[in-house]
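One structure below.
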Amino acid sequence: MPLVEQKEETAADIQGLRLKFPGAADLLFRDLSVKILRGEKVLLLGPSGCGKSTLLQVLGGMIPRVTEVPMKAARLEVPESVGFVFQDPETQFCMPHVDEELAFVLENLAVPVQEMRPRIEAALRQVGLNLPDAHIPIGNLSQGMKQRLALASALLLEPETLLLDEPSALLDPEGRRTIWEAVRNVSDRRTIVIVEHRIEEVIDWVDRVIVFQADGSLVADGPAESIFRRHRNQLREYGIWYPEAWSDAYAPITESKSPALADPIEDQADCPNSSAPRLESELQPLLRLEQFSVLRGGKEACRVDSAIVLPGDLIAVTGPNGAGKSSLLLGLMGLLPRRGLCRYGEYLPEGRRAEREAAAKHMAFVFQNPEFQFVTNRVLDEVSFTLRSEAEHNLQQERRGGSARIGWPFVRRGRLTAEDEGKIERRALEFLHRFGLADYAERHPYLLSLGQKRRLSVASAVVSAKPLLLLDEPTFGQDARNTFAMLNLCEELRASGHAVLMITHETEIAQRLATRVWRVENGKLVDDRSTARSCTDGTRLVMGDADETFF
Amino acid sequence: MKRFFEPDRKTWLHRSNPALKLAVFVGLFVWTVLTHRIDASFYLACLFLLLLFFASGYPLWKTALLASGFALAFASASVTMILFGKGSEIWWSWGPVSISKESFYRGLHLGFRSIAFGCQGLLFVLTTTSTGLFYALMQRVRLSPKYAYSFMASIRLLPMALEELRIRRDALAVRGAGGKKGASRLLQMPELYALPLLAQSIRRAQRTAAAMEVKRFDAGRRRTYYYDSPVTKYDAGAFLVMLAAVLAAALLAQNLPIFELGDMRMNP
Amino acid sequence: MSAKGSPAASRRKGLTLTDVLVTVVVSLVLGVVYHVWASVSSIAGLLFIQSDELVYGMWFAASTLAFLLIRKPGVALIAEIAAAHLEIAFGSAYGIQLLLYSVLQGLAAELIFAAFRYRNTSAVVAGLAGVAAAAGSLLADIYYGYVTEYATWVIVLKYSLRAISSFVIAGWLMYGLAKLLERAGVTQSLRPVDRKEYDALDG
Ligand SMILES: Nc1ncnc2c1ncn2[C@@H]1O[C@H](COP(=O)(O)OP(=O)(O)OP(=O)(O)O)[C@@H](O)[C@H]1O
Ligand SMILES: Nc1ncnc2c1ncn2[C@@H]1O[C@H](COP(=O)(O)OP(=O)(O)OP(=O)(O)O)[C@@H](O)[C@H]1O
Ligand SMILES: [Mg+2]
Ligand SMILES: [Mg+2]
């Protein structure tokens, strides 16, 4: 039971909170009341976009003190001394070097100079960030190290309350374990409020779980154990993570589809499918790598001696932070210099330009940082952009083909008819719907919550029916519903002969869904093993000549 | 990895107090602006070029590379004056262009001065770190920490913005927007690059500012400083060397004049 | 406790840390553009006499853009200084004189905005601020470059071209850019929130 002191003091008390983002159609919170006691460890749980990060900012006093967001409350008592760890490790530092960043906090507290060094060193030890010399540029740290640094600087404030917004989202399992261990080590007598989708590591030691619904209202509030026992069905219905979510969704792997599954994709005209599966050995690989390596700054960032990707494969790429996984995908896309052979079917592009073009033609790609993906100003446009550029491309090809026959000397750029435009828009909307983004169609992509951004970036890539899909951590920061929706989509794509290459730190995906697992360590593909599933499992494909159909 | 702007060795200039050094260099700047004789500006340019090479602590090739920009500065300061300046003793004229003795030497003088300015600026930049400068300004001239930390934070944010430019190009390539070519592509540049780059930088700046305030940054409150910014003998050294350089230029101009011309603002 | 709008509004009177940081970052990004612009300027200079002045207005863009985004006293000046700071820090061959120029240009632009009491954010006012900045640079040029010694027609040509380009680039173009940024929703959190939005809370 909670480690509350004799006298139950409140750490935060919010009554009747109403909050609305400027320009948003609806209130985010309507008369929300939350009370947190001193010393409590609280986990905020809820579907993506329900307002967890926003509430955390209200608790931290950032709204409305630093960012003005229209709000009012009958009672608003927030803790005086808070330490905040933001989700994005990049933007929470203001100084170039590690020691300077930590000293910045101490300067703000007017700590005498002599005391600074020892305290900085103690804080770094506390979070397990062991640096030979603290005066190194922050830019040289890996994701996990940055997240630990953020925690260290929050701790230097000696806050009574610690607010953590998905501090482990991008970490490998080892990094996640250590950062939570660090949090636990400092959790004594402190109030801790955590927002987190991945609950395994925290669930055992939080005192209380507060569950939100998509509309920002409370569903349940109480000790973890009883919440997950009593409200399991509700959690499942709302698509919120709970300990057995994975086994509930994929209990008998091949037999039935999961409950979160939406309608299958309608038109798969460009992908061959039929009913009688063939043998795996007869499939034509979509992608073949030989002595392939990707370079970063002249040095090898990831090396693959030999690997193939078959139609119907779902390959989970795993490995510790900084191993070179993202580099591998960037290399495949031709965005980083590379060496060795990379064949698409039988086609082997020569030269940087051809490589890039071939990559863009055969593969859809999702960046690790969702914001990197966005090229338009509106959520809907983001998805239709892909469709439109594809349709224009096709049209151009067609014209070119046709005109060659007639001998027409000029090829006009393809223009889409109004009918085409309508079709594109409908399809884009349909995809937004599948990804739970239909309500935000008119919004600017940057104004979404983190999980929503992630989904949008995946939606805009998946919508193009390219044979190969490269996803860099598509499920981080997602609630259960959206994670399963995404995975089901991947399953559908597999079934129709696409292949998916997915970087993930989620062991469940590797164990339950992948057909192969690639393990990358120290800039090398060290292990390429097949799992219990094969690439023809649950698929309805019979491939014709893959070369003809795809390339 | 060593970055470009990192000296090989630390000279006395690196060790002097950045705030005082800034004052000395502003003094130098004013002195140079008030130099109106071509002999004096010539010697100033020469002496500061020497100082730049020997006191910056950078390898010769780097200094030379940076100093190569002076050619352009020299040209942009002098060419217009040489070609279009007023003057009575016309040497050559063709259409609107007329080169006179006065304008020619006045142009050269401006060129020499611009080299002197360039050397002084570069010497300051190469021997001062931004962090050091802003810490010194906060402690020595009471610059509000609000500005000082904004500048220091932005130095961290800038490389991210540049990185972003590359990422954007990649994103467009990946998403298949590379098709359009030529003029229509050029016209789209602001929309495709400038706008998102700015928008993203602004957002990032806002988030960083919020993070700083959460770390209890308050410009009004008393604070301590991680880096001390003392006044040392090196400051006296820097001051004396600069003074010596300026005096030497004046003396050389007096005793070893090359052009032997008067004030460049009048007709020399 | 119910009227929560007012404290935030009063806080936003002076320049906050966010305002300063955003101003500095915007100017630094423009400072990078300046670097690129130097070559644009040299190419433009090949057209005809003084034709490089046609693109000169870009050097004043930081002050007008920052003001159009943040709309508070002081940002135009800070923006110019920050942009110059970046150029100097990257080892510009022009040295400390850039600082002098930036102060004069920033102050001149600031004067125009002040004349309209920092309320008017139209393209015309931005253009005027650009022209004022050009006038500020003229002042610096007189001391620094002896421009009064140019043939008279060169002076007139040079500075009228500069004024026009300042009006167009620093004023009109930056106004357009600021509008686009507004559409993208970035400025929303830089400005005081509309009273209407607070009223909607009771709905
Ligand atoms: N600046 C903004 N302007 C308008 N709407 C916003 C803004 N920031 C967030 N929102 C919206 O408010 C809602 C809550 O956002 P918030 O970031 O709090 O969600 P969250 O619960 O943390 O979600 P996630 O789990 O995906 O991080 C979302 O629907 C989001 O689209
Ligand atoms: N922009 C960059 N410039 C230089 N080096 C980089 C850059 N990004 C990453 N690296 C380095 O390249 C190596 C591989 O990085 P990569 O991003 O591929 O790792 P990753 O396996 O994707 O890790 P994570 O799980 O943290 O995303 C790391 O050592 C990293 O420090
Ligand atoms: Mg969130
Ligand atoms: Mg990665």
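Three principal axis extents describe the C-alpha atoms of region A:57-167; from largest down they are 50, 30, 21 Å. Taking every Cα-Cα distance in region B:110-169 and sorting them into 5 Å bins starting at zero, the pair-distance distribution P(r) comes out as 4, 15, 15, 15, 15, 15, 13, 6, 1 percent.
Run through region A:118-197 and list the trypsin sites (Lys or Arg not before Pro) located in a DSSP loop whose Cβ has at most 15 other Cβ atoms within 10 Å. Could the numbers behind the result be given before it?
On the way: sites: A:119, A:125, A:146, A:148, A:176, A:177, A:184, A:189, A:190; in loops: A:189, A:190.
Passing sites in region A:118-197 are A:189.
I'd like the projected area of region A:170-209, averaged over all directions, using the convex hull of its alpha carbons. Report it in nm² with one decimal. If you wrap the Cα atoms of region A:170-209 in a convex hull and average its projections, you get 3.0 nm². The order of A:192, A:424, going from fewest to most other C-beta atoms within 10 Å of their C-beta, is A:424, A:192. From the square roots a ≥ b ≥ c of the eigenvalues of the alpha-carbon gyration tensor of region A:426-516, which class results: rounded (a/c under 1.5), prolate (a/b over b/c), or oblate? Judged from the Cα gyration tensor, region A:426-516 comes out oblate (a/c at least 1.5, b/c at or above a/b).
With +1 on the Cβ of every Lys and Arg and -1 on the Cβ of every Asp and Glu, and nothing else charged, how large is the dipole of region C:15-187 about its Cα centre, in debye rounded to the nearest 20? Spell out each step's value before the answer.
Numbers: 8 positive and 9 negative charges, 109 e Å.
For this selection, approximately 520 debye.
Enter the mean number of other protein chain beta carbons within 10 Å of the beta carbon of each residue in C:145-155, as an integer. Don't skip to the end; give the middle numbers.
On the way: counts 8, 13, 3, 2, 14, 7, 9, 2, 2, 7, 1.
Average neighbour count from other chains, rounded to a whole number: 6.
At the listed q of 0.06, 0.10 Å⁻¹, the Debye profile of the protein assembly as shown, built from one uniform point per Cα, gives log10 I(q)/I(0) equal to -0.52, -1.31. Annotation for residue B:232 and residue A:126: the two label points, set 7 Å from Cα along the Cα-Cβ direction, are 3.3 nm apart. Roughly what angle does helix C:75-89 make with the longest principal axis of chain C, taking Cα atoms, 0 to 90 degrees, to the nearest 10? Taking Cα atoms only, the helix is inclined about 50 degrees. Report the normalised scattering of region C:15-187 as log10 I(q)/I(0) at q = 0.11, 0.20 Å⁻¹, calculated by the Debye formula with identical scatterers on the alpha carbons. Rounded to two decimals, the profile gives -0.41, -1.38.
Calculated on the alpha-carbon coordinates, the convex hull of region C:79-140 measures out at 72 cubic angstrom per residue.
With the Cα gyration tensor of region A:288-330 giving a ≥ b ≥ c as the square roots of its eigenvalues, does the rule (a/c under 1.5 for rounded; else a/b larger than b/c for prolate; else oblate) give rounded, prolate or oblate? Here region A:288-330 falls in the oblate category.
In chain C, the longest principal axis of the Cα atoms and the axis of helix C:17-44 are about 30 degrees apart. Taking GluC sites (Glu not before Pro) across region A:1-93, the ones in a DSSP loop with at most 10 further Cβ atoms lying within 10 angstrom of their Cβ are A:80. With the simple spin-label model, which puts each label point 7 Å out from Cα in the Cβ direction, the residue B:94 to residue C:194 separation comes to 6.3 nm. Paramagnetic label reach from residue B:244 (point 7 Å along Cα→Cβ; backbone nitrogen cut-off under 16 Å): within region B:47-82, residues B:47-56. For the residues of B:144-150, the average number of beta carbons from a partner chain within 10 Å of their own beta carbon is 6. For the protein assembly as shown, the dipole from Cβ point charges (+1 on Lys and Arg, -1 on Asp and Glu) about the Cα centre works out to 2140 debye, to the nearest 20. All C-alpha pair distances within region B:73-195, sorted into 5 Å bins from zero, spread as 2, 9, 10, 9, 8, 7, 10, 12, 13, 11, 7, 2, 0 percent across the bins.
What whole number of Å gives the distance from the Cα centroid of region C:128-184 to the Cα centroid of region A:15-73? Region A:15-73 and region C:128-184 have Cα centres separated by 47 Å.
When +1 charges are put on Lys and Arg Cβ atoms and -1 charges on Asp and Glu Cβ atoms, the dipole computed for region C:47-146 relative to its Cα centre reaches about 500 debye. In the P(r) worked out for chain A, what percent of Cα pairs fall beyond 36 Å? Within chain A, distances greater than 36 Å cover 39 percent of Cα pairs.
Considering only A:112, C:115, A:48, the residue lying farthest towards the positive end of the dipole of the protein assembly as shown is C:115, judged by Cα position with unit charges set on Cβ. Across the options A:132, A:142, A:386, the greatest Cα extent toward the positive end of the charge dipole of chain A (unit charges at beta carbon of Lys, Arg, Asp, Glu) belongs to A:386.
Using Cβ contacts closer than 10 Å as the measure, can you line up C:102, B:76 from fewest to most? Before the final figure, lay out the partial values.
Numbers: C:102 30, B:76 20.
So the residues, fewest neighbours to most, are B:76, C:102.
Between the residues A:496, A:515, A:474, the greatest Cα displacement towards the positive end of the dipole of region A:423-522, with unit charges on the Cβ of Lys, Arg, Asp and Glu, is found for A:496.
Rank these for me by crowding, C:18, A:376, going from fewest to most other beta carbons within 10 Å. Walk me through the numbers before you get to the answer.
Details: C:18 24, A:376 19.
Ascending Cβ contact count within 10 Å gives the list A:376, C:18.
Segment residue A:204..residue A:74, full-extension length gain: 43.4 nm, with 0.36 nm per residue of separation and the alpha-carbon distance subtracted.
Within 10 Å of the Cβ of each residue in A:81-88, the mean number of Cβ atoms contributed by other protein chains is 3. The distance from the alpha carbon centre of region B:27-100 to that of region B:228-255 is 21 Å, rounded to a whole number. Restricting the trypsin sites (Lys or Arg not before Pro) of region B:222-252 to loop positions (DSSP other than H, G, I, E, B) with no more than 10 neighbouring Cβ atoms within 10 Å leaves B:222.
Just so you know, all these numbers are worked out from the coordinates, no wet-lab data involved. Since the model is a prediction, treat every value here as computed from it, not as a measurement. Here Cβ is always computed from backbone atoms with ideal geometry, including for glycine, and neighbour counts include all displayed protein chains.
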